[in-house]
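Trainee: What follows is a single structure, and I will ask about it in a moment.
The values are calculated or read from the model by the stated rules, or taken from the named source; none is laboratory data. Model, not experiment: these values are computed from the prediction. Glycine gets a Cβ as well: all are built from the backbone with ideal geometry, and neighbour counts include every protein chain shown.
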């Protein structure tokens, strides 16, 4: 699925948010970066549109897997200091 995204907000060590648009869906993602004993946690997302509903029905865990992949890549980049 192709989605065009643009960062809308960024607050160092606390929040990153972006809008995404794809065929039949609009989304807004906000990752609230919360300090935990193990590092940090992330919460919050909104996705709308008929394609988003169908996507969720076909594979309810797909978005979570995508977030895990995105966060893993973000962690690797941030630990390198880039």
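Trainee: Would you list the strands (runs of 3 or more DSSP E) that sit entirely within the range 1-73 and hold 3 or more residues that are in contact with a strand residue (DSSP E or B) (Cβ under 7 Å, 6 or more places away or on another chain)?
Mentor: So the answer is 4-11, 15-22, 25-32, 45-48.
Trainee: Please specify each residue of the range 42-78 satisfying the condition of being within 15 Å of residue 13 (Cβ to Cβ), surrounded by 12 or more Cβ atoms within 10 Å (Cβ to Cβ) and more than 10 Å from the chain's Cα centre (by Cα).
Mentor: 74, 75 - these are the residues of the range 42-78 that are within 15 Å of residue 13 (Cβ to Cβ), surrounded by 12 or more Cβ atoms within 10 Å (Cβ to Cβ) and more than 10 Å from the chain's Cα centre (by Cα).
Trainee: Test residue 15 against the stated conditions and say whether it is at pLDDT 80 or above and surrounded by 12 or more Cβ atoms within 10 Å (Cβ to Cβ).
Mentor: yes
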